[in-house]
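Inspection log for the structure reproduced underneath, given as structure tokens.
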Amino acid sequence: MFRPLIQSWKRLPTPVAAHSMRSTSNGGNCSLKLANKVAVVTGSTNGIGFSIARRLAQDGAHVVISSRKQQNVDRAVATLKKEGLGVSGTVCHVGKAEDRERLVATALEHCGGVDFLVCVAGVNPLVGGTLKSSEQIWDKILGVNVKAPALLLSRLLPHMENRGLGVYNVSKTALLGLTKTLAVELAPKSIRVNCIVPGYINTDFSQVSFGLMGRVSLFQPPLLFPYRVGQPEDCAGLVAFLCSPEASYITGESIAVAGWSPHL
Ligand SMILES: NC(=O)c1ccc[n+]([C@@H]2O[C@H](COP(=O)([O-])OP(=O)(O)OC[C@H]3O[C@@H](n4cnc5c(N)ncnc54)[C@H](O)[C@@H]3O)[C@@H](O)[C@H]2O)c1
């Protein structure tokens with residue numbers, strides 16, 4: 001049953017970079033919104049990332065799947081291929097430079113360029129006081145959640161241009177600033193940078209993070225609108241929209257997909 005809660009709720013962002021104007025080139029069903037586009041999605045073998053990958057592929061994009069374990073990449077790629085979707089995959093721990101290089105190389109090898117980078121991979125190894133966090137925890141969270149998206153985009157940027165177009169809370173808040181800064185810096189190259197800010201979304205990640213804070217029991221079904229639990233697909237629809245031509249005049253925005261959870 002739903003019980004009201006008085007703790008505050010932090011909605012935490014996931015960055016999306018999209019090239020606005022690349023022309024199509026690699027076949028597929030051209031009637032689809034993202035036909036002939038290429039999307040690289042990190043952390044995309046489970047949860048929100050997997051749902052975003054599936055949705056972008058359903059909309060016609062070729063999607064490069066990635067996460068830390070080969071078996072998970074193989075499973076996600078096989079599942080989506082069975083659904084008739086255009087995907088490829090490689091292992092990429094976003095905190096490792098050599099893995100990021102391999103992800104870039106895979107995208108270029110299969111697709112020749114990249115239109116969308118969706119950085120979903122994120123970690124929160126500790127739920128606790130900010131000032132009680134060790135240096136190792138700070139390094140891990142900032143490395144994966146903030147540094148990796150920036151470094152990955154810097155590696156992919158030349159290939160997006162060539163196509164002719166287009167401690168956890170602290171780390172995620174830093175992404176809001178990174179989104180604004182990169183949106184301004186990359187606007188002259190017709191590259192849009194937006195951020196989705198999920199509220200409570202029902203995935204393994206939220207079970208661990210919010211379970212440790214004693215909040216998961218609030219989200220037991222059955223809960224109906226407006227108290228229903230967010231699902232990964234709720235995020236995927238917004239990312240598909242941000243990657244579509246309909247969003248070509250939207251950049252530098254952070255958009256919440258949070259239902260009622262910000263009010264907790
Ligand atoms: N679920 C929520 O309620 C919620 C709320 C706000 C923000 N988020 C954010 O959404 C994103 C996805 O979370 P989710 O709920 O889908 O979690 P999830 O655990 O279901 O999926 C996380 C994915 O990221 C991958 N991953 C983790 N660390 C990685 C790394 N270093 N390199 C590459 N891949 C890595 C995992 O393998 C997995 O595929 C995260 O950035 C999280 O911070 C989630």
List the number of the failed condition for A121; all other conditions in (1) part of a loop (DSSP other than H, G, I, E, B); (2) within 14 Å of the ligand (Cβ to nearest atom); (3) aliphatic (A, V, I, L, M); (4) modelled with pLDDT under 90 hold. (4)
Residues of region 53-69 satisfying the condition of being open to solvent by 30 Å² or more (accessible area, probe 1.4 Å) and either outside any helix (DSSP H, G or I) or away from the ligand (no atom under 15 Å from the Cβ) (or both): Q58, H62, R68, K69
Residue list for region 200-235, filter: within 30 Å of L157 (Cα to Cα) and modelled with pLDDT under 85: F205
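Restricting attention to region 228-250, which residues are part of a loop (DSSP other than H, G, I, E, B) and either basic (K, R) or over 16 Å from the mean Cα position of the chain (by Cα) (or both)? Before you say what the answer is, go through the steps one by one.
Taking region 228-250 as the starting set, the residues that turn out to be part of a loop (DSSP other than H, G, I, E, B) are 228-229, 231, 244, 248-250.
Selection gives R228, V229, S248, Y249, I250.
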If we keep just the residues of region 81-96 that are under 18 Å from E109 (Cα atoms) and within 14 Å of the ligand (Cβ to nearest atom), which is surrounded by the fewest Cβ atoms within 10 Å (Cβ to Cβ)? V91
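With the structure loaded, tell me whether K180 is surrounded by 15 or more Cβ atoms within 10 Å (Cβ to Cβ) and modelled with pLDDT of 90 or more or whether it fails that test. Show your work before the answer.
Working: surrounded by 15 or more Cβ atoms within 10 Å (Cβ to Cβ): yes; modelled with pLDDT of 90 or more: yes.
Criteria met by K180.
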Output the residue which, of all residues in region 6-52 that are open to solvent by 20 Å² or more (accessible area, probe 1.4 Å) and in a helix (DSSP H, G or I), is modelled with the highest pLDDT. F50
Qualifying residue in region 156-168 (condition: at pLDDT below 80 and within 15 Å of the ligand (Cβ to nearest atom)): yes
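The values are calculated or read from the model by the stated rules, or taken from the named source; none is laboratory data. From a predicted model like this one, the values you see are computed outputs, not experimental measurements. Every residue, glycine among them, receives a Cβ derived from its backbone with ideal geometry; neighbour counts consider all protein chains shown. Ligands, DNA and RNA are stripped out before the accessible areas are found, and what is left, the full protein with its side chains, is counted by its heavy atoms. Shrake-Rupley method; radii C 1.70, N 1.55, O 1.52, S 1.80 Å.
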